[in-house]
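Read-outs: derived from the displayed coordinates by stated rules, not from any lab. These numbers were taken from a predicted model, which means no experiment stands behind them.
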Amino acid sequence: MPSPSPVLIATADHRLALLGQRIHARRKALKINAKTVAEAAKISRMTLLRIERGVPSVTMGAYMNVLEALGLAIDLNTPAVPPLSVVPPERIGIVEAHLGDNKRVARTAAAR
């Protein structure tokens, strides 16, 4: 049974929901079903679906496993300026990592 969700600051709740939406969009763009991503991330399919909904009670480790399975990372070098304000979705700072010819090329939405 899932843990109860912690109480979140409104902006944190919004960012978590956006993260889940971007994870879902990336999975769909790669045309990978939920079961395959869940197996690669070593989590259940239900946990993946909860991550895609931005449920805050899912562990950070599970979120990180899914990001890794989809070739995504989080840019922690881009501050949410000003702190505790609503940040536009394009400033979330997800980095898409593309692996090809053993090179890792990153592009961040937060650099806009």
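Extension gain for ASN77 to THR59 (0.36 nm times residue separation, less C-alpha to C-alpha distance): 4.3 nm. Put simply, the amide H of ILE74, placed in the peptide plane, has neighbours under 5 Å in VAL95, leaving out anything fewer than 5 places away on its chain.
Residue by residue, the range 57-66 carries 3J(HN,Hα) couplings of 7, 6, 5, 4, x, 5, 4, 5, 4, 5 Hz when phi is fed to the Karplus relation 6.51 cos²θ - 1.76 cosθ + 1.60 (θ = phi - 60°); x denotes Gly or Pro.
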